[in-house]
1. What does the helix-only formula give at 222 nm for the chain: each DSSP H stretch with n ≥ 4 adding -39500 (n - 2.57), the total divided by the residues, and the result rounded to the nearest 500 deg cm²/dmol?
2. What order, most packed first, do the peptides 117-126, 137-146 have when packing is the mean number of other Cβ atoms within 10 Å of each residue?
3. Please say if the chain is rounded, prolate or oblate, where rounded means a/c under 1.5 for a ≥ b ≥ c the square roots of the C-alpha gyration tensor eigenvalues, and otherwise the choice is prolate for a/b larger than b/c and oblate otherwise?
4. Using a cut-off of 13 Å between beta-carbons, work out the net charge of the residues near ILE89 (Lys and Arg +1, Asp and Glu -1, ILE89 not included).
5. If the elastic network links every pair of Cα atoms under 10 Å, which of VAL75, VAL309, VAL208 fluctuates the most in the Gaussian network model of the chain?
6. Place the peptides 156-164, 247-255 in order of packing, highest mean first, counting for every residue the other Cβ atoms within 10 Å and averaging per peptide.
7. Can you check what the Kirkwood hydrodynamic radius comes to for region 98-213, Cα pairs only, in Å to one decimal?
8. Between LYS135 and ASP185, what length comes free when the chain is fully extended (0.36 nm per residue of separation minus the Cα-Cα distance, one decimal in nm)?
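Every number here is computed from the coordinates shown, using simple stated rules; none is lab data. Just so it is clear, the structure is predicted and the values come from calculations on it, not from any experiment. Cβ placement follows ideal geometry from the backbone for every residue including glycine, while neighbour counts extend to all protein chains displayed.
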Amino acid sequence: MRTLKRNQSKHSAPFYRPTWVEIHHGHLLENFRQISSLLSEKVSVLAVVKANAYGHGLVPVSQTLSHAGARFLGVTSLEESLELRRSGIKTPPLILGNIFPFSNLEQAIRNGVRLTVASLESARICHQFASKVGKKAYAHAKIDTGMNRIGVNVAHGLDLIRKIREYRNIHLEGVYTHFSGSAEDPKFTKFQIQTFTDLVKEIVRNGVQVPYVHCANSAALMKYPESRFSLVRPGISLYGYCPVSREKRIRLQEVLAWKSRIVFLKSVPANTPISYAGTFRTRRRSTIATAAFGYADGYRRSLSNKGQVLVRGKRVPVIGRVTMDMTMLDVTGLQEVNVGDEVVLIGKQGEENISAQEVAAWCQTSPYEIFCGIAARVPRIHVR
Ligand SMILES: Cc1ncc(COP(=O)(O)O)c(C=O)c1O
């Protein structure tokens, strides 16, 4: 039996329960470079680090992307913005949601956080707060071209731009829209690009200069060069997942590996029920491993009797129900197995690899949800 080492890293407290995520900053940096290689020099990158950098760890990921040359960091909230500011990262955060409650504006403006202005009313209130704080607010006007989440309808886009320009205390730094299906709906994406392009032309015709015009997420920047304008907003591709199946020009690498260890082993006869409700019964004498991960770590219960993990470089099935903190694996076929052996949930082991995409397919969701669903209690170990 191998001894379980007390795990320690520079960026996190020591952890004792053997379930963790490794974040490979070399891959992150290389992904940033690969994506940038598709862009002309005039196009900057807003790295989307919202939702704790898609579960990868907001501050360490942002540090790497900021050093790599990201022009902005796309976040969800004032909390994330202030965390970035406190960490000393100079790259400004842009909150991609509309500001609410408006009382958040005071702190946001004080800290130079870039704001999404998604209505005439929010422009007016933003101006009021900026006047109160005595500092200019940096605004990115949000235009709705068909996502129907937030933003002024494109038909009123110019009105919003004009209004923002009237406010002395607001600096109009950007104008943007968001696609509803850039990875899967070319017709509608082209319609959104065209509608947005028409608005941008109208803005220019009206003599308004906007430094950053942006709409492209990962799929769009790869598939539609005309969507790149002066800034692109990749998220998932930075973390190594390519949402466009035929993108051959760049090679992305998964940044995150999710690991655990075997904490218990037993040999059981045929017809032994395993885990809650005995949804799995052994068909032969079997070696059953219990590993220290469960649905409270974000390993979905729907992976019960469906998922696979890697042990000793081989795929082994998840058997019985995934429980809150532990999951059983059938390791019967393996030549050798010990308590303490590493279990890979996402990532490489030996010649084998399990991608987030594969895990997502097993539970009929997307890699976005798998990454974001890894619980806060799972320590992130940053490998630089
Ligand atoms: C407004 C906005 N821009 C860009 C992105 C990045 O998208 P992706 O991760 O598909 O590159 C997101 C992600 O949800 C978003 O909400």
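1. Computed mean residue ellipticity for the chain: -8000 deg cm²/dmol.
2. 137-146, 117-126
3. Prolate.
4. With Lys, Arg at +1 and Asp, Glu at -1, the net is +2.
5. Result for the chain, Cα springs under 10 Å: VAL208 fluctuates most.
6. Details: 156-164: 19.6, 247-255: 15.6.
Averaged packing, sorted descending, gives the order 156-164, 247-255.
7. 14.4
8. Full extension of this stretch gives 13.8 nm more.
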